[in-house]
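See below for the structure under consideration.
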Ligand code: SF4
């Protein structure tokens, strides 16, 4: 392992690790067994907001055992020793640390691209934003959970947060600092997704990162949208990605990648059915400015951008794509759902009884999620988009070059999180400590922790995620599986896709 000693570290001798050739994290080059694609450090938990879904369960004052500036610089040097992972400073509110500018500067000086996620408060003045830029910040990432004050401020539980956030976005863009917006989709803002997207189109942002709630910290299970609603929002995001002037990706929703692949396959298959060659069809789909999967996957854990294209004329499209032409459908290839096991059937019957008896929604939601994780048919009856025939799927995949880059970032797999006191986790949403940077190097923890290794061993996934044909590119949210079932290898509880079971 290489440890950089000082701010002159840019000149230090480093091994040619992932992304070294380009100076940027090249997704396809990164071996997730050796290095993460993205590292997030929670510099503090102190924050003035009291957000309803706060992962960190933020507190008003800084913790006395927070990593010091010196420890932080050592950590940054270790992160650099991985190569060039994306590096995010988060909180709490990072602005609660007076040394935040020096930490940004150190990250920049050792050659990392540094992003920061400040809270939307009055602390975000024009002077502060300018100092971020002057310190070498590459991207400002701010949270916006509603298209208006009423929705956003209710989320953040502080009046004025919406106005401060929008003002800071405008100021950052005015001085040329790239901006990313983070939005957490849950029951409170489910109907506001399009309105948020349209607001962002006016704010000149680079990326919209759409999080899906994980039940950890203050995030409540009952606020999670259903599997069907996940699916509907994924299709909506895919459609929006074609009309909005910024990239869109998801976090803690790895199954969005499945929808992207399905939609692209479907579009190619439809064009082939209309007489186009596979190559021409693929070219048109790619011309619609859907970036290469390898590039699109590379932003953040769970990230999967479908890219942005302007003027594709897709406005007003529904959240579901048109049906596959009948000629392309084959009942034999539709992949019948696996047989439900007795326990799943019992659970389904129990859910029906509880619903009929008027049980609280959050209780029913928990049982539904467990049923999802058991493999089998979605508890809410939701279904994925239609399957293509195997032949047409293979044709579309070959034309689209799907397969070569069939991997995606997931918790502990291309991603690692360090909390404010130096404890290491597979992600900020998966509360399992895998090490302590005060006792061991981050590089060793990432590579050698038994939990991290297991999270990267996708054949160990249980239930339908274990046999899913999208397993390598998706794998389901390990955090959500853990949050719902207590087992980080269980099936993603909020995916309505039931993959064809491999023949024994
Ligand atoms: S079943 Fe699991 S691996 Fe397959 S698409 Fe759903 S979440 Fe992803």
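The values are calculated or read from the model by the stated rules, or taken from the named source; none is laboratory data. Computed from a predicted model, the values in this text were never measured in an experiment. All Cβ positions, even for glycine, are placed from backbone atoms using ideal geometry, and neighbour counts span all protein chains on display.
A search for C-beta distances below 8 Å between a residue of the stretch 460-489 that is farther than 16 Å from residue 430 by Cβ and any residue that is within 6 Å of the ligand (Cβ to nearest atom) and assigned to a helix (DSSP H, G or I), counting only pairs 6+ apart in sequence or on different chains, returns 470/255; 470/258; 471/465; 473/258; 474/255; 474/258; 474/465.
The conditions are (1) modelled with pLDDT under 95; (2) in contact with a strand residue (DSSP E or B) (Cβ under 9 Å, 6 or more places away or on another chain); (3) within 21 Å of residue 125 (Cβ to Cβ), and residue 84 fails exactly one of them. Which is it? The number of the failed condition is (3).
Scanning the stretch 494-504 for residues that are touching a residue at least 12 places away in the same chain (Cβ under 8 Å) and more than 9 Å from the ligand (Cβ to nearest atom) yields a count of 3.
Anything in the stretch 185-218 that is in contact with a helix residue (DSSP H, G or I) (Cβ under 8 Å, 6 or more places away or on another chain) and in contact (Cβ under 8 Å) with a residue 60 or more places away in the chain? List them, or say none. Listed by number, the residues that qualify are 186, 188, 212, 213, 214, 215, 216.
Select, from 455, 489, the only residue that is more than 26 Å from residue 93 (Cα to Cα), within 16 Å of the ligand (Cβ to nearest atom), under 19 Å from the mean Cα position of the chain (by Cα) and surrounded by fewer than 21 Cβ atoms within 10 Å (Cβ to Cβ). Before the answer, list the steps.
On the way: 455 fails: surrounded by fewer than 21 Cβ atoms within 10 Å (Cβ to Cβ).
After ruling out the rest, the residue left standing is 489.
Of these, 107, 111, 120, 136, which one is over 20 Å from residue 39 (Cβ atoms), touching a residue at least 12 places away in the same chain (Cβ under 8 Å) and touching a helix residue (DSSP H, G or I) at 6+ places or on another chain (Cβ under 7 Å)? Outline the logic, then answer.
Numbers: 107 fails: over 20 Å from residue 39 (Cβ atoms); 111 fails: over 20 Å from residue 39 (Cβ atoms); 136 fails: over 20 Å from residue 39 (Cβ atoms).
Just one listed residue meets the conditions, 120.
Are any of the residues in the stretch 414-423 closer than 15 Å to residue 252 by Cα, buried (at least 24 other Cβ atoms within 10 Å of the Cβ) and within 16 Å of the ligand (Cβ to nearest atom)? Yes, the stretch 414-423 has at least one match. Step by step: first the residues of the stretch 460-485, then only those that are farther than 19 Å from residue 32 by Cβ, surrounded by fewer than 21 Cβ atoms within 10 Å (Cβ to Cβ) and near the ligand (Cβ under 9 Å from one of its atoms), then the one that is nearest to the chain's Cα centre (by Cα). Which residue is that? Restricting to residues being farther than 19 Å from residue 32 by Cβ, surrounded by fewer than 21 Cβ atoms within 10 Å (Cβ to Cβ) and near the ligand (Cβ under 9 Å from one of its atoms), the top hit is 469.
Could you go through the stretch 67-82 and let me know if any residue there is touching a residue at least 12 places away in the same chain (Cβ under 8 Å), closer than 23 Å to residue 178 by Cα and within 22 Å of the chain's Cα centre (by Cα). Let's see the steps before the verdict.
Step one: filter the stretch 67-82 for residues touching a residue at least 12 places away in the same chain (Cβ under 8 Å), giving 67, 69, 71-82.
From the residues that got through so far, the ones that are closer than 23 Å to residue 178 by Cα too are 76, 79-80.
Applying the additional criterion that residues be within 22 Å of the chain's Cα centre (by Cα) yields 79.
Yes, the conditions are met somewhere in the stretch 67-82.
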